[in-house]
1. Name the most mobile residue of Ile79, Ile115, Ile131, meaning the one with the largest mean-square fluctuation, in a Gaussian network model of the chain with Cα contacts below 10 Å.
2. Can you classify segment 174-219 as rounded, prolate or oblate using the Cα gyration tensor, where a ≥ b ≥ c are the square roots of its eigenvalues, rounded means a/c under 1.5, and otherwise it's prolate if a/b beats b/c and oblate if not?
3. In what order do Arg81, Arg55, Arg194 fall by count of nearby beta-carbon atoms within 10 Å, going from fewest to most?
4. Provide Cys167, Cys185, Cys160 in ascending order of the number of other Cβ atoms located within 10 Å of each residue's Cβ, fewest first.
5. Are there any helices in the chain, counted as whole DSSP H runs, that stretch 30 Å or more along their axis by Cα and score at least -1.0 on average by Kyte-Doolittle, and if so which?
6. Hey, what's the Kirkwood Rh for the chain if you take every pair of different alpha carbons, in angstrom?
7. Ranking request for peptides 83-91, 30-38, 69-77: highest mean number of other beta-carbon atoms within 10 Å first, then the rest in descending order.
8. Work out the FRET efficiency for Glu28 and Asn135 from their Cβ-Cβ distance, taking R0 = 41 Å, and round it to the nearest 0.05.
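Values quoted throughout were computed directly from the atomic coordinates according to the rules given, and no laboratory measurement underlies them. All values derive from a computational prediction rather than experimental measurement. For neighbour counting, all protein chains shown are included, and Cβ atoms are generated from backbone atoms with ideal geometry for every residue, glycine included.
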Amino acid sequence: MYDVGSQKLEQAKYLLDYKEVSELPKEESSEFPTIYIFRHGQTDDNAEYIFSGWRESNLTEEGKKQALVLAEKLKDKKIDRLISSPQSRAVETMKLVVSKNEKAKDLPIETDERIKERSYGVFTGKSKLEIQLENSEELKKIRRTYDFVPPDGESIEMVCKRVIDFCDDLVNDLKQTRNNVAISCHGNSMRGFRKYFEHLSNEETAEVETPLGQDYASYVVKD
């Protein structure tokens, strides 16, 4: 498929695989509302190094296993409300994650367009691996430049703005309802959440990595 040596191909894959993921913060409170946020499990596009963006891609068997690892971690948490990106990989991950939580597994899953994945515009469906092999700096610019807007797509900055708008509404609501919430989203919408709750700089937001499935971040909403 790729006209390069096997060593170069494996090196490119190695560079694209998620290795340096930062430790996710875990704040919890019995007095104030807690938000549990996680990224969906591995999808077919993730496994094939494809830009998914707004297109649909199913969870792989590995992705389902990742979600069930996370289910074990959240099975005893008090969760009153479920919110997901409307994209199927996030919704399916949510279903698996709460499947072991007796009080949360039958809650309705709300969806919100503001926390869906970044639109990659003309790059949607294209191979990250191919671009990495042809021009690694170009791929880095596309994926990790805060204000770079792909043709017909969104920058990380634009994603963060819609996620932050969602967060403002959610925080205001939780101060009234005192509910604990679980949120299933994507790699780039996670950047928006982490920027909002961890006060990351633009550069930190663009560079921070969040693992697929398996783990979660949690934040406490105080008055």
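1. Taking springs between Cα atoms under 10 Å, the residue moving most is Ile131.
2. Cα axes put segment 174-219 in the oblate bin.
3. Taking fewest neighbouring Cβ atoms as first place, the list is Arg55, Arg81, Arg194.
4. Details: Cys167 22, Cys185 29, Cys160 26.
Lowest to highest Cβ neighbour count: Cys167, Cys160, Cys185.
5. 156-177
6. 17.9
7. Put in order of decreasing packing, that is 83-91, 30-38, 69-77.
8. It comes to 0.40.
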